[in-house]
Amino acid sequence: MILLDFTRALAQLSDPRFRRVIFLGIGLTVGLLAAIYALLVLAVGIFAPETVTLPLLGEVTWVRDLLSWGSLFLMLGLSVFLMIPVASAMSGIFLDDIAEAVEEAHYPGLPTPPRPPLMDALRDALTFLGVLIGANILAFGAYLIFPFAAPLIFYGLNGYLLGREYFQMAAIRREGRSGADSLRKRHTVQIWAAGCLMALPLTVPLLNLLVPVLGAATFTHFYHRVAAKG
């Protein structure tokens, strides 16, 4: 049944509302990372000295150039690590649109739930971003201790985080926060399994940028399926 939820989400990728959220998420992510890089360059220009005197080398006048190029390579390296969680957070602001598109196509006749305030959506997206980055940083220690189990740890951890977040997003629209928590606890194992399915594309370039949209759509189907069973 989880695979059915996923294939139904995959089949709706051509929906203009899906494409809009994908492009908005990627665009905002690139814009945010570019802004961070611009701030790094500005900081180098303000705080880095024009010349430095070093033993044996004497006066060095290329410190700023070195730091500027170094910040570029640093930002490129960070972008590889940050692109997916940041894209998830940026897309998360608009995931209610995905849930609406899924419900209009597959569950017509449902009353329209109130949309969450933009600031609430932004807060939840940034909180998820912090948890996702923090948990994966901590997981590096486990990867070093148990390198043979690193793939299982990666998919298990991110599957749990993605499943929890996207199910909560789908359920809270119609159940409220407490109702969504209660429903999630009754289906923890299924949600984790569905989240692991969402985590599989994380390691596939370009496909991983679709994870937020596919996750929101898959868990909207998942929510309606388990909610119908009571």
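Brief remarks follow.
- Residue within region 140-147 that is in contact (Cβ under 8 Å) with a residue 12 or more places away in the chain and touching a helix residue (DSSP H, G or I) at 6+ places or on another chain (Cβ under 7 Å) present: no
- Of residues in region 182-206 being closer than 23 Å to Asp96 by Cβ and among the aliphatic types (A, V, I, L, M), the one farthest from the chain's Cα centre (by Cα): Leu183
- Yes/no for Val21 being at pLDDT 85 or above and of a type in the set (A, V, I, L, M): yes
- Residue that is nearest to Phe23 (Cα to Cα) [pool: residues in region 93-120 that are of a type in the set (Gly, Ala, Ser) and open to solvent by 20 Å² or more (accessible area, probe 1.4 Å)]: Ala105
The values are calculated or read from the model by the stated rules, or taken from the named source; none is laboratory data. All figures in this text were calculated on a predicted structure; none of them were measured in a lab. Because the Cβ atoms are built from the backbone with ideal geometry, glycine has one as well, and the counts that use them run over all protein chains shown. Calculation scope for accessible area: heavy atoms of the full protein, side chains included, ligands and nucleic acids excluded. Shrake-Rupley method; radii C 1.70, N 1.55, O 1.52, S 1.80 Å.
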